[in-house]
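Below is one structure; the comments refer to it alone.
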Amino acid sequence: MSKKQKNIVLIIGFVLTLFICYKLAINKTIHQKQQFDNLYKEILLFKNAPKQLSLLKQKEVYYDSLLTKYQLYGSSIQNNLLKVINTFSNDNNLKVVSFLEPHTITKNDLIVKNYEFVVEGNYNDINQLIYQLEQKTKFGEIINLHFEKKKNFRTGRLHLQAKVLLKSFG
């Protein structure tokens, strides 16, 4: 056997030895390390469970305070929205022309409701109503506001109507 053949056999033997070592020892060690890391993460999660529970209770109290602050009481959002619109309309000389049933869309386990209503009155009063709905009560966001000047042909008077689309989640 020549030196060249001996070197080739030696290199093939070395590579074969490395492969056998990887299969028998190194591979199992890497697998055990990954399993250890996963179990350690679970231990950390269980250690933090009481802390997370207290944080969730604090969040619940906070969200309940937000519901009372923004006038979202126990009844449905539709009833509360109509109540807020009616009280504001009575105080500011607005007229609620129509209030339609909400259009409900379910997308990825998220319920989106679109409320459509029409109010009639002064431009500034309508803007104040929209501001109150978006900023002070947090019912949702106004996704469309369409002003239209209409004429009553019996009396010959013009009046301003606003068609409002309000988007609410939940």
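Considering only residues that are exposed (fewer than 15 other Cβ atoms within 10 Å of the Cβ) and more than 16 Å from residue 84 (Cβ to Cβ), which ones fall in the stretch 118-131?
If the condition is that a residue be exposed (fewer than 15 other Cβ atoms within 10 Å of the Cβ) and more than 16 Å from residue 84 (Cβ to Cβ), then 122, 123, 124 are the ones that fit.
Can you run down the residue pairs with Cβ atoms below 9 Å, 6 or more apart or on separate chains, where the first is in the stretch 98-109 and closer than 17 Å to residue 77 by Cα and touching a residue at least 24 places away in the same chain (Cβ under 8 Å) and the partner is of a type in the set (Ser, Thr, Tyr) and not in a loop (DSSP other than H, G, I, E, B)?
Cβ pairs passing all conditions: 102/115; 102/168.
Considering only residues that are acidic (Asp, Glu) and surrounded by 11 or more Cβ atoms within 10 Å (Cβ to Cβ), which ones fall in the stretch 102-117?
If the condition is that a residue be acidic (Asp, Glu) and surrounded by 11 or more Cβ atoms within 10 Å (Cβ to Cβ), then 116 is the only one that fits.
Can you pull out every residue in the stretch 49-66 that is hydroxyl-bearing (Ser, Thr, Tyr) and either more than 18 Å from residue 138 (Cα to Cα) or not in a helix (DSSP H, G or I) (or both)?
54
No lab work stands behind these numbers, since they all come straight from the coordinates. Given the structure is predicted, the values throughout are model-derived calculations rather than measurements. Glycine also receives a Cβ, built like all others from the backbone with ideal geometry; neighbour counts cover every protein chain displayed.
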